[in-house]
Amino acid sequence: MVSWRTPDGEENIYLSPQTAASSPQPIRGGIPLCFPQFGKGVDREGNNPGPLPSHGFARNSTWRVIETGPAEGASDSDNASVALTVQLTHTDIEPCRDWNHEFDLRVKYTLDARSLRLHATLGPVQEPLSFCFLFHSYFRVRDINTVCITGLQRLVYRDATETPNLMKTEHRDSVWINGPTDSVYLDGAAGRRLQLVDSSAPGRTLAISSAELPDCVVWNPWAQGARTMADLPDSAYSRFICVENGRTTPQRLDAGQGWTASCTFEVVTTGKL
Ligand code: TA6
């Protein structure tokens, strides 16, 4: 998904004008679906990288659309909603020596006047497997210097900008972005209602919530990181913030088990971006 435009005419998702045009290069922006590996596949402390490309193969694969139409219960014309479901299975990808499992992964996108809901399901699996999954959402902002994220206080996070990574505790009620940021909040994000507040666009606030996804990553490469990325204009770091709901350490499914998780983005108060 590379665009989410709300009725106020605002585009809420960032997409780099220099993004790669086609696979296997991942798109720079949108809402990449990271599976079965998160990032370089490191453990909670940032060690022991995994075998797959960054964020796994799902985001660079071709998914099929399996369902479109009005969302269930979309009878309320004031808040009509539409849905689209996409699917990726093991038959859609090149056999992968380092993660060779049968799987059926589906993501349902439900859109109404003020919100976008993403619902992922995996399985049930035929044989045991372990996986990570993350919605790597690039949210568009007018100016990163006036953006803050609320709702993360008291969570433990891995600061991946440090070498070696450092485990910290979030003490800030409002997390302002004022430099390279790569914070992997662990275990406690499920059930929290985060808010992305863009004070430069008076009143624009986006609520981000997930009942099931335990982790949340906050990432911005800042100027120095953007300069190293061919698919991102040097100044573009100021136009987005990634707030990523997911499971960043592997979950195991036993034969016959399935998994499901969702997250919802809601425009709480509008404002120009
Ligand atoms: O989700 C944060 C992160 O893992 C960062 O460490 C950074 O690597 C970012 O994802 C972008 O990853 P990509 O592989 O798309 O360049």
Restricting attention to region 80-102, does a residue exist that is more than 15 Å from P36 (Cα to Cα), open to solvent by less than 40 Å² (accessible area, probe 1.4 Å) and outside any strand (DSSP E or B)?
yes
Among the numbered criteria (1) open to solvent by 10 Å² or more (accessible area, probe 1.4 Å); (2) farther than 19 Å from T110 by Cβ; (3) among the acidic types (D, E), which single criterion is violated by E266?
(2)
In region 11-23, the residues that are away from the ligand (no atom under 13 Å from the Cβ), within 20 Å of F135 (Cβ to Cβ) and either among the aromatic types (F, W, Y) or over 14 Å from the mean Cα position of the chain (by Cα) (or both)
E11, S23
Looking at D8 and the list (1) in contact with a strand residue (DSSP E or B) (Cβ under 7 Å, 6 or more places away or on another chain); (2) part of a loop (DSSP other than H, G, I, E, B), which single condition is not satisfied?
(1)
Go through region 141-170 and count every residue that is in a strand (DSSP E or B), in contact (Cβ under 8 Å) with a residue 60 or more places away in the chain and open to solvent by 60 Å² or more (accessible area, probe 1.4 Å).
1
Filter region 226-251 down to the residues that are touching a helix residue (DSSP H, G or I) at 6+ places or on another chain (Cβ under 7 Å), within 16 Å of D182 (Cα to Cα) and in contact (Cβ under 8 Å) with a residue 24 or more places away in the chain and list them by number.
Y237, S238, I241
I want to confirm something. Restricting to region 206-224 and keeping residues that are touching a Pro at 6+ places or on another chain (Cβ under 7 Å) and more than 10 Å from the ligand (Cβ to nearest atom), which single residue is farthest from T249 (Cα to Cα)?
Q224
Subset of region 232-264 (residues that are polar (S, T, N, Q), more than 16 Å from the ligand (Cβ to nearest atom) and outside any helix (DSSP H, G or I))
Q251, Q257, T260, S262, T264
Could you please let me know if A71 is open to solvent by less than 30 Å² (accessible area, probe 1.4 Å) and either away from the ligand (no atom under 16 Å from the Cβ) or modelled with pLDDT under 95 (or both)?
yes
Only one of G39, G29 is touching a Phe, Trp or Tyr at 6+ places or on another chain (Cβ under 6 Å), of a type outside the set (A, V, I, L, M) and closer than 30 Å to P164 by Cα; which?
G29
Tell me, yes or no, whether region 176-187 has at least one residue that is open to solvent by 40 Å² or more (accessible area, probe 1.4 Å), outside any loop (DSSP other than H, G, I, E, B) and within 13 Å of the ligand (Cβ to nearest atom).
yes
For T62, are the conditions met, namely being more than 16 Å from the ligand (Cβ to nearest atom), among the polar types (S, T, N, Q), loosely packed, with under 14 Cβ neighbours inside 10 Å and in contact (Cβ under 8 Å) with a residue 12 or more places away in the chain?
yes
Looking only at region 34-59, how many residues end up being open to solvent by less than 40 Å² (accessible area, probe 1.4 Å) and either within 12 Å of the ligand (Cβ to nearest atom) or part of a loop (DSSP other than H, G, I, E, B) (or both)?
14
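If you take the residues of region 24-33 that are under 12 Å from the mean Cα position of the chain (by Cα) and not small (G, A, S), which of them is nearest to the ligand (Cβ to nearest atom)?
Taking the candidates together, the pick is P32.
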Do the conditions hold for R117, that is, is it open to solvent by 80 Å² or more (accessible area, probe 1.4 Å), in contact with a strand residue (DSSP E or B) (Cβ under 7 Å, 6 or more places away or on another chain) and not hydrophobic (A, V, I, L, M, F, W, C)?
yes
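The values are calculated or read from the model by the stated rules, or taken from the named source; none is laboratory data. Owing to the predicted nature of the structure, the values given are computational and were not obtained by experimental measurement. Every residue, glycine among them, receives a Cβ derived from its backbone with ideal geometry; neighbour counts consider all protein chains shown. Quick note on the areas: whole protein, heavy atoms, side chains included, nothing else; ligands and nucleic acids left out. Shrake-Rupley method; radii C 1.70, N 1.55, O 1.52, S 1.80 Å.
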